[in-house]
Each structure stands twice: as C-alpha cells, then as structure tokens.
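Where a number appears in this text, it was derived from the coordinates with a stated rule and is not lab data. All values derive from a computational prediction rather than experimental measurement. All Cβ positions, glycine included, derive from the backbone under ideal geometry; neighbour counts span all protein chains shown.
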Amino acid sequence: MDIEAFSPESPGRFAKTSGGHAAFVPGPAPRELALSPESIDLLDAASNRLGVLEGIGRRLSNPELLIGPYLRQEAVLSSRIEGTQTTLSDLYATEARLQLPVAGDVQEVLNYSSAYRYGLERLDALPLSLRLIRELHERLLLDVRGSGTQPGAFRTYQNFIGGSSEANAAYVPPPPSELVGCLDDLERFIHEKAHRPLVQMAILHYQFEAIHPFGDGNGRVGRLLMGVFLTERGLMPQPLLYLSPYFERTRRQYYGGLMRVSTHGDWESWIRYVLKGVRIQADAAIELADRLQSLHADYRDRVRRMGRSVKALALVDAVFLSPFVTTRIAQEQLGVSAPTARAAIAALQDAGILREYGEPRRWQRIYIASELYDLISPGELDAGRSRGDAILSSVPGA
C-alpha cells in the first residue's frame, strides 16, 4: 500500500500488520459534515425521487411482481462487480431447476438474493447490527468460494485488496487487533441519526468497506447493507432501489471514490457520487415499474379478451415471477394437472405472451415471455453470451 498517497486530510491512521506492513485504520464515522449547496441540492433531488419510488411500492397490490425482477438484477450485478460472469438467464435457468448441478458463480448470485431477503425479514426481530451483518455474511458465503474463510465471523487474520501480498497490495485494511474498535464505532453509527439517511447510508458503506471485516464477501455485504439500512429507516419499505447496476457501470469511479475518502478525506465527492446513483437508479426503477405494471395489465387484458380460463390469468402473474416457463413450472405455480398447465401455456402463446424458447421439440418444451424479459434485461437475449441460453436450449428434461 502506497502510504505516500495518503494526505494529511486522511480520516484515519496507519498500523502495522503482523508481517510488518502498513495497514489503514479508518477513524470513527463522521457525525457532522458540512455539505456544499450543490450537494444539498443533489440530496434533495435524490430524496425526492426515492420518495416517488417509495410511494409506488406502497401502492402495489402484489409487490413481488416488481421486487423479484429488481432483486435478481441487483444480485447479478453486485456479484459481477466481484468477478462473476453470471447473467440473468443463468439465474432463471437455475431457479427453474433447468441447470443441475448449480454452477458456483450462479450459487453466489442465488445466495446474494437469499441473504437480501433474509436481512429484510430479520428486521422484524433484530435491528441492523453487527449480529445481523454476520448473519448476512454467513448466508452469502454458504457453499461457495470463500466458504473456508470463516462465514459469519469477523476475520482473525490480515486481508488485503489488490496485488498478490500485503507488500504490493493496493489497500490493506485494519489488522485484526484493530477490528473491535472499528466495528464498535460502526454499530454505534448505524443506530445514530447523525445525518439525513441517504448521507448516512453513503458513509456507512464507506466505513464498512474501509474496515473490510470479513475474509471474503465484503463488497457484496456492504452493498446489501445499503438496502437493508434504507428499509430499516422506513425510506424503502419495499426493496425497489438497487445501486449495484450504477456501481457496476461506473466501477472505476466506485473504487476510486472509496479510496479517495481514505487518502484525502474526500467525503463530499463520495457522497455526491452515491446521491447521483440514488437519483439515477430511482428514476430507472420508477420507469421500469411503470412499464412492468403496464405490460402486466396488457397481458391480463389480452387473456381476458380471448375469454381464456382463470388459470391462464394466474399464469400471467407467475410469468412475472419467472419469464421462463415449462409445463412442470406451470403445474407447480398454479397447483394444477399437466393438461391444465399445458392449456394455460397454450392460451398465453395464442395471446402472444409466450413463445417457445430454443430449438422446437416434441417434449420438455421451454417457453419465454421475451417481451417481459427484455424489459428486465435489455438486449441479453440477443447478446448470445449467456451460459443460461445454452442450458435452456439444450436441457434434456424440464
């Protein structure tokens, strides 16, 4: 770690690792920050857009129709920042049990989605705390890479970021002996209301990443914390805002912004970067929510006009939970026999909602709501780069 890159304004200090190298120990999370008028304007704009999205979430009769697609995209892109190559169709293929055994990087994405849902549900009994953070980490690393690095426990050894050793690492977090003090302050900061929530969320994410308390999975846990924090504060009762797509698109700024807080105490630039992301992603979520709801209403209207069965209408709702459909999936979703499931699928085909996916086959056919899928993940079906495409088109039994 280049200690010469750290200015006198750095909000931390150096300590020695057991190997004799420099490690950065971040100072307490700032309880007071004087933001510029431009940052205040950006904070107001981001808060306004978040309020609009929160209102949409409260009005939804079936929030899962939006939460499902949003959460899957967040899981895919947050994991992609850490190097996985999983795509959305990989995820849907696995959830539909069309991909067995489950590939390791797909399991990482599934774990992210599962940990996020667990964290939101756990808030009913446990506040956001170090205990909950450990529980999230344990679920995130279940049976995937990093599972040998003490899942659910704060590290007892030195880690580092970038490079091949402490000696040439880009960043070396606090030694294990410094973790208790850092984490105690982090937990106190979580429970305080020192800033407006979006500013506090940005600071919280930096502090967690600077501490890097786990042996692996810190980036994903840190991004999970942002959504769980907003939910606990009541700003986003339905998990509809996800920042990983923004972080993934602007990865250099993301890592650069985090590092510049450490080296120069540049909180203003980091907070503005996060607020801009909130505004952009809230607008994107609002637009997607509108388009998904319109498409859902259109699908149901098409089926009604054709005078099809109630089961066909129910399958429309199921398609929004997973745009890939097989007879078996339809049976399970609707609780019906195979002939009734096939009839519902045929009705959606006649309505132009489903089309057969991959090469035509006599048995074990796979269908996709391609218009819906392209809304969720524009261009992926045409990109031809997804392992899930190959899996779905060649699966011998569905």
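Summary of computed values
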{"quantity": "Three-way shape label, the chain, alpha-carbon gyration tensor, a/c 1.5", "calculated": "prolate"}
{"quantity": "Efficiency of FRET between residue 264 and residue 374 - r from beta-carbon atoms, R0 45 angstrom, step 0.05", "calculated": "0.60"}
{"quantity": "Reach of residue 311 by Cα under 16 Å, taken over aspartates and glutamates that are not fewer than 8 positions away in the same chain", "calculated": "301, 332, 350"}
{"quantity": "MRE, 222 nm, helices only [DSSP H, n ≥ 4, -39500 (n - 2.57), over the chain, to nearest 500]", "calculated": "-19000 deg cm²/dmol"}
{"quantity": "Hits among aspartates and glutamates - C-alpha to C-alpha of residue 193 under 15 Å, sequence gap 8 or more where chains match", "calculated": "32, 185, 232"}
{"quantity": "Sorted peptide list for 35-48, 228-241, criterion being average Cβ within 10 angstrom, highest first", "calculated": "228-241, 35-48"}
{"quantity": "Axial C-alpha extent at least 30 Å, average Kyte-Doolittle at least -0.5 - helices from the chain (DSSP)", "calculated": "37-59"}
{"quantity": "Residue 4 paired with residue 252, simple spin-label distance in nm, labels 7 Å along Cα-to-beta-carbon", "calculated": "2.3"}
{"quantity": "Which of 357, 281, 246, positive extreme of dipole for the chain (C-beta unit charges)", "calculated": "357"}
{"quantity": "Stretch gain in nm, segment residue 349-residue 328, where the contour uses 0.36 nm per residue and the Cα spacing is subtracted", "calculated": "5.9 nm"}
{"quantity": "Residue-span extension gain [residue 168 to residue 276] - 0.36 nm each, minus C-alpha spacing", "calculated": "35.6 nm"}
{"quantity": "Fully extended contour minus Cα-Cα distance, from residue 52 to residue 192, at 0.36 nm per residue", "calculated": "47.9 nm"}
{"quantity": "Cβ-Cβ FRET estimate between residue 125 and residue 365, R0 fixed at 35 Å, reported to 0.05", "calculated": "0.20"}
{"quantity": "Rounded FRET efficiency, nearest 0.05, which uses the C-beta distance separating residue 338 from residue 40 and R0 of 56 Å", "calculated": "0.40"}
{"quantity": "Percent of C-alpha pairs per 10 Å bin, the range 245-356, short to long", "calculated": "13, 30, 16, 15, 15, 9, 1"}
